[in-house]
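Inspection log for the structure reproduced underneath, given as structure tokens.
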Amino acid sequence: MPGSFKSAPGVLSPGAGFVAGGDLNSLNTAPERPDTWVIGDVHGCHATLSQLLESLHKSDPACHFVFVGDLVGKGPSSLEVLKTVHSLGDRAEVILGNHDLHLLAIHAQVTTARAGDHLEECLQHTALTQPEPWQWPRWLAQKPLALVVAEPSGTPWLVVHAGLHPQWSVAEVMTRAMHLSQRIRSGDWSWYQNPNDPDGVTAAYLTRVRGLKKDLSLADQWTGALDTCPPTVTPWFQVEDRATREHATITGHWAALGLVRHQKHVSIDTGCVYGGALVALSLNSGVTRRVECLPEDRIVTD
Ligand SMILES: [Mn+2]
């Protein structure tokens, strides 16, 4: 298919041009080539996602999508989100987030659901549909933890869910992500939440990092906006001499941050499930589309 983008694992060649470091504020125009839209944390907000996809389809019927992770968890309709993204076939790629890993880990019986996960439908679906041909665990477990969106005429984008260890190069990120993926696909979960396992360290940075302490360990307690940053903590993307600072990167995960650009990094989680919005970033033009959270998707407090 035109614009089909399968190549080496973890590398996406969408056939869609983009300007690395494009202007977020520039006006959108009808694309000459199919675009690739990077979509923020969906968190089970199916109604809002459907509206965003419909809007993008309308203006660019052949576009591709990269989901920045956390398709599931918190919101009301995680199973419907998985089904919808799966139905996009090879027009969509998904990066695993911490909540996606949590769902897979519950399914693998290495952890249990927490209050507020709202993953019951997903877990029931697996039990009820065997041996149906499509089951989300097998599909989700194949998804990468890091993706390079390559385009011959531009600088590639690196997409991960949360962020990067400041000392890791792009090559090291991809190697680490690939190694962790192999363990997930083989059903080995002994690394999960294990800081003494190198793959557990990879998962911690790629899917959970926000702030870093001076020794570059995770400052897990801080999840707030930039102006609430404790004096001993630095946001991962602001660490001086970060190995990937010259590389265009996109992440989600950090709802309190909102849509933020720092040098060549763009953060696109605008907290849909908390009543914010779901955002899509165009790799062609750098413009964003946003759909405000629909009432049926708002987080249910329990
Ligand atoms: Mn997350």
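Every number here is computed from the coordinates shown, using simple stated rules; none is lab data. Here the structure is a predicted model, which means the values were calculated and not measured. Glycine gets a Cβ as well: all are built from the backbone with ideal geometry, and neighbour counts include every protein chain shown.
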Which value results for Rg/Rh of the chain when Rg is the Cα radius of gyration and Rh the Kirkwood radius based on the inverse mean 1/r? 0.93
Centre separation in Å (Cα based) which lies between the stretch 188-212 and the stretch 77-109: 19 Å
Quick one: order Arg185, Arg176 by neighbouring beta-carbon count within 10 Å, fewest to most. Arg185, Arg176
About its Cα centre, the chain carries a charge dipole, from +1 on Lys and Arg Cβ atoms and -1 on Asp and Glu Cβ atoms, whose size in debye to the nearest 20 is 360 debye
Would you order Glu172, Glu54, Glu80 from fewest to most other beta-carbon atoms within 10 Å of each residue's own beta-carbon? Glu54, Glu172, Glu80
Net charge around Val233, counting only other residues with Cβ within less than 10 Å of its Cβ (Lys, Arg = +1; Asp, Glu = -1)? +3
Given the DSSP H assignment, sum -39500 (n - 2.57) over each helix run of at least 4 residues in the chain and divide by its residue total; what's the result at 222 nm in deg cm²/dmol, nearest 500? -7500 deg cm²/dmol
With point charges of +1 on the Cβ of Lys and Arg and -1 on the Cβ of Asp and Glu, referenced to the Cα centre of the chain, which listed residue (Ala203, Pro156, Gln109) lies farthest in the positive direction of the dipole? Pro156
Which of Asp117, Asp35, Asp199, Asp220 has the fewest Cβ neighbours within 10 Å, and the rest in rising order: Asp220, Asp117, Asp199, Asp35
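Pairs of alpha-carbon atoms within less than 8 angstrom and 6+ residues apart define the contacts here; what relative contact order does the stretch 24-292 have, in percent?
23 percent
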